[in-house]
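The values are calculated or read from the model by the stated rules, or taken from the named source; none is laboratory data. Remember, predicted model here, so these are calculated numbers, not experimental data. Backbone-built Cβ (ideal geometry, glycine too); neighbour counts: all protein chains shown.
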Amino acid sequence: MRMQDICKISGFTKRNIHYYIKEGLLSPVSDEQNGYYDFSEEEVKRLALIRLFRSAGLSISVIRSILNTPDSTGLYLNQHIKELQKEQMHLEEILNAMNDLFERLPVNTDIDKLYNLGVQIHISEIQAYTENDSFDANDKLQVNRILWVHFLPEPPLTEYQEFLWQKLNHLTNIQYNENCQKISQFLHTLSITDIDRLFKKKDKHINYVASLDQEGCLQYAEEMKDRIHSFTKNDENIDAWKRYYSLYIYPEIQIYDSEICSIMLEISPLFVNYCNNIHIACERVYDWLTEASEGKDLETLLLKLLEDKIDLIHSQHGELELLANFPQLILGADW
């Protein structure tokens, strides 16, 4: 459909539409013959979402991230809800203060009387939301979505899959509180660009690993050896690993190796393939690190560089897989 059609349907002006195209919220096809935009049904849906989220007070950059990486929606909405709750509390404080002032206001007043009343009224400055303020069931649910969204089958889930997903969320809600809170804190340290990159790269990586056959797993193990060796040569990698280890790396791997994992194995065939292939590759790399001469040297170097911020044994050697892909998944490097 043409510009006039999309404007009529969406209620936005041409100027609005061009602005959203410039900001990367819309990507209509351009007709090579006349240069006119040709808008699809997806653009109509995107504009409806733009209107919704702009009305809710979300920024253009956040809306862009949501539209381009829909799996990140819950993270941004959870943050925005908490910010709105703080604003609501602040508005209630202002309302109470103004009601108090109004009720005490004399019929005949002047600056002195108004001043004497005013100095008795206190309105605190609104504080921006910080992750340390609270950690509730919504936060735990959001961490679950972050951890498992890449593995969930395409909707709709079967009745049994939905039952298992609810069971997984319930189990997380009563256990793993400390690990979930740390992961939530880690996510709040990331910029919008970092979050987009993490979602997209993790999704790509998981699908790649899950698709490997037996020979592919062995080849991937060899790639992991090279990547881990390269990891040790970069100070930025080492510093970032130490910084994020207690906040993200260890908590995530612990959850992936918990009883929650057994529930996801029932829900997701993709997760079954991913786990099987990761275990094969990590076991092979760990055997090399502990048995081969070159591998032993690398293991010694890792333990020296990372000190107490590495555990190569727990969770079926799962840290090796993240170690091999840490610069790409967390720091934005290319594979």
Checklist line | Per-region count, region 302-321, residues touching a residue at least 40 places away in the same chain (Cβ under 8 Å) and either charged (D, E, K, R) or farther than 16 Å from residue 239 by Cβ (or both) | finding: 10
Margin query: Please verify whether residue 324 is out of contact with any strand residue (DSSP E or B) (no Cβ under 6 Å at 6 or more places or on another chain), crowded, with 16+ Cβ neighbours inside 10 Å and not charged (D, E, K, R), treating the condition exactly as stated.
Written below: yes
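Check region 220-227 and report whether any residue there is assigned to a helix (DSSP H, G or I), touching a Lys or Arg at 6+ places or on another chain (Cβ under 7 Å) and either small (Gly, Ala, Ser) or free of Cβ contacts under 8 Å to residues at least 12 places away in the same chain (or both).
Residues of region 220-227 assigned to a helix (DSSP H, G or I): 220-227.
From the residues that got through so far, the ones that are touching a Lys or Arg at 6+ places or on another chain (Cβ under 7 Å) too are 221.
Pick out the ones that are also either small (Gly, Ala, Ser) or free of Cβ contacts under 8 Å to residues at least 12 places away in the same chain (or both) and you get 221.
The answer is yes; a qualifying residue exists.
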Margin query: Step by step: first the residues of region 1-15, then only those that are surrounded by fewer than 16 Cβ atoms within 10 Å (Cβ to Cβ), free of Cβ contacts under 8 Å to residues at least 24 places away in the same chain and not charged (D, E, K, R), then the one that is farthest from residue 64 (Cα to Cα). Which residue is that?
Written below: 4
Next item on the list: Would you check if there is a residue in region 42-49 being free of Cβ contacts under 8 Å to residues at least 40 places away in the same chain, surrounded by 15 or more Cβ atoms within 10 Å (Cβ to Cβ), among the charged types (D, E, K, R) and closer than 30 Å to residue 1 by Cβ?
Entry: yes
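Hey, among 103, 32, which residue is under 30 Å from residue 119 (Cβ atoms) and over 29 Å from the mean Cα position of the chain (by Cα)? Break it down into steps so the answer makes sense when it comes.
Working: 32 fails: under 30 Å from residue 119 (Cβ atoms).
Criteria check complete, one pass: 103.
Rundown of residues vs (1) surrounded by fewer than 19 Cβ atoms within 10 Å (Cβ to Cβ); (2) of a type in the set (Asp, Glu); (3) in contact with a Leu (Cβ under 8 Å, 6 or more places away or on another chain), yes/no style:
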residue	(1), (2), (3)
146	no, no, yes
154	yes, yes, no
162	yes, yes, no
166	yes, no, no
185	yes, no, yes
205	yes, no, yes
211	yes, no, no
215	yes, yes, no
221	no, no, no
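Anything in region 157-167 that is more than 30 Å from residue 64 (Cβ to Cβ) and in a helix (DSSP H, G or I)? List them, or say none. Don't jump to the end; show me each part of the working.
Step one: filter region 157-167 for residues more than 30 Å from residue 64 (Cβ to Cβ), giving 158-164, 166-167.
Matches in region 157-167: 159, 160, 161, 162, 163, 164, 166, 167.
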Notebook entry, point to check: Is at least one residue of region 272-292 over 30 Å from residue 170 (Cβ atoms), in contact (Cβ under 8 Å) with a residue 40 or more places away in the chain and not in a helix (DSSP H, G or I)?
Noted result: no
Notebook entry, point to check: Looking at (1) charged (D, E, K, R); (2) modelled with pLDDT under 95; (3) over 29 Å from residue 191 (Cα atoms), can you tell me which one residue 87 breaks?
Noted result: (3)
Next item on the list: Could you tell me whether residue 181 is under 18 Å from the mean Cα position of the chain (by Cα) and either crowded, with 18+ Cβ neighbours inside 10 Å or among the hydroxyl-bearing types (Ser, Thr, Tyr) (or both)?
Entry: yes
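Tell me yes or no: at least one residue of region 297-317 is of a type in the set (Gly, Ala, Ser), at pLDDT below 95, farther than 21 Å from residue 187 by Cα and surrounded by 17 or more Cβ atoms within 10 Å (Cβ to Cβ).
So in region 297-317, the residues of a type in the set (Gly, Ala, Ser) come out as 315.
Those left that are additionally at pLDDT below 95: 315.
Remaining after also requiring farther than 21 Å from residue 187 by Cα: 315.
Going one step further and asking which of them are surrounded by 17 or more Cβ atoms within 10 Å (Cβ to Cβ), we end up with 315.
Looking through region 297-317, at least one residue is of a type in the set (Gly, Ala, Ser), at pLDDT below 95, farther than 21 Å from residue 187 by Cα and surrounded by 17 or more Cβ atoms within 10 Å (Cβ to Cβ).
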Notebook entry, point to check: Considering only region 168-213, how many residues are within 14 Å of residue 75 (Cα to Cα) and part of a loop (DSSP other than H, G, I, E, B)?
Noted result: 4
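Looking at 245, 250, which one is in a helix (DSSP H, G or I), under 23 Å from residue 138 (Cα atoms) and in contact (Cβ under 8 Å) with a residue 40 or more places away in the chain?
Details: 245 fails: under 23 Å from residue 138 (Cα atoms).
None of the others qualify; the one that does is 250.
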Next item on the list: Would you mind listing the helices (runs of 4 or more DSSP H) fully within region 69-151 where at least 3 residues are touching a Phe, Trp or Tyr at 6+ places or on another chain (Cβ under 9 Å) and within 30 Å of residue 171 (Cα to Cα)?
Entry: 73-104, 137-148
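Report, by residue number, each residue of region 293-322 that is assigned to a loop (DSSP other than H, G, I, E, B) and more than 24 Å from the chain's Cα centre (by Cα). Break it down stepwise before answering.
Taking region 293-322 first, the residues assigned to a loop (DSSP other than H, G, I, E, B) are 307-313.
Selection gives 307, 308, 311, 312, 313.
Residues being of a type in the set (Asp, Glu) and modelled with pLDDT under 95: count how many of those fall in region 149-168.
At the first step, the residues of region 149-168 found to be of a type in the set (Asp, Glu) are 154, 159, 162.
Filter once more, so that each one left must be modelled with pLDDT under 95: 154.
Qualifying residue count for the region: 1.
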